[in-house]
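Q: Please see the structure below; I have some questions.
Taken together, the values in this text are just the output of simple stated rules run on the coordinates, not laboratory data. Please read all numbers here as calculations on a predicted model, not as lab measurements. Glycine also receives a Cβ, built like all others from the backbone with ideal geometry; neighbour counts cover every protein chain displayed.
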């Protein structure tokens, strides 16, 4: 027991100093140890011209291995990025941009870049253009029995993006629009898709008007007399009667006659000459049927007239 006590306490001052020096040496060595971290960093672009953009698919994240002294830096806060400067770039052929330590933004001093993968990124830069395209509504289902879609109205949209991508797109498609069982006009705001992620669109939704009406049947009214206008102007009609073809709702039960129509040609502005003129007749229907009867054609579609005096 006395031997152990003598061993522990004999020259205790020197022993304490030795222990302290050993601890300091260990701390110094430990502080010089380095660690490596592998990071998945996003690629960002700076100084790109306003009317220029990237049109090809490219690597959007890069694997970077960094080395630093243990405990001095933590890169998990997302502060680092792989930055590519496009200040001197011009639209045209695909170009390769090498990646080096200089591309790692906000890298603290003393942090070494061990490796970057991939070592370069290929980019195709193009001019940004705009184009107006038609919207094609996608109708799903059928209207109620006895009704039909007579008109679909859709505004145009503008697409914006790289020139080659924009030129490939000619129309946009709406989301499905259900019309099953409908018997009246439908107005709906729907999303529009162009199926191309590289392009932007304005607006991204549009109002579609689907006109749904009662089914119609064709009617013909023959031998309608032609009137000369204005009254008192002398002219010779080479054609004296016409036939009007149109449609009415299938539920329409009245019978249209020649008295329900006025067919006229205006000859006031015609000059005297031997040759006849060919004029388009003006068709007017009585107010009672103006919103019911829809003209499809007039036979003949032009009237021969000779101005006498």
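Q: Taking a ≥ b ≥ c as the square roots of the Cα gyration tensor eigenvalues, with a/c under 1.5 meaning rounded and otherwise prolate when a/b beats b/c, else oblate, which class fits segment 77-210?
A: Prolate is the answer for segment 77-210, as a/c is 1.5 or above and a/b outweighs b/c.
Q: Based on the Cα atoms of segment 34-123, what semi-axes does the equivalent ellipsoid have, where each is the square root of 5 times one gyration tensor eigenvalue, given in whole Å with the largest first?
A: So the equivalent ellipsoid measures 28, 12, 10 Å along its semi-axes.
Q: Restricting to DSSP H runs of at least four residues, report the calculated mean residue ellipticity at 222 nm for the chain, -39500 (n - 2.57) per run over all residues, nearest 500 deg cm²/dmol.
A: Numbers: 3 runs with 34 residues, N = 309.
Dividing the helical sum by the residues of the chain leaves -3500 deg cm²/dmol.
Q: Shape of segment 216-307 from its Cα gyration tensor (a ≥ b ≥ c, root eigenvalues): rounded if a/c is under 1.5, otherwise prolate when a/b > b/c, or oblate? The partial results should precede the final answer.
A: Details: a/c = 3.08, a/b = 2.38, b/c = 1.29.
Here segment 216-307 falls in the prolate category.
Q: Also, I was wondering about something else. Under 1.5 on a/c is rounded, so check that first for segment 132-282, then, if it is not, pick prolate when a/b is larger than b/c and oblate when it is not; a ≥ b ≥ c are the square roots of the alpha carbon gyration tensor eigenvalues.
A: Working: a/c = 4.55, a/b = 1.80, b/c = 2.53.
Oblate shape, in that a/c is at least 1.5 and b/c is the bigger or equal ratio.
Q: Can you give the percent of C-alpha pairs in the chain whose distance is more than 28 Å?
A: In whole percent, the share of Cα-Cα pairs in the chain beyond 28 Å is 72.
Q: Still on this structure: Using label points projected 7 Å from each Cα along Cα→Cβ, tell me how many nm separate residue 280 and residue 302, to one decimal.
A: 1.1 nm
Q: Got the relative contact order for the chain handy, in percent, Cα pairs under 8 Å and 6 or more residues apart?
A: So the answer I get is 12 percent.
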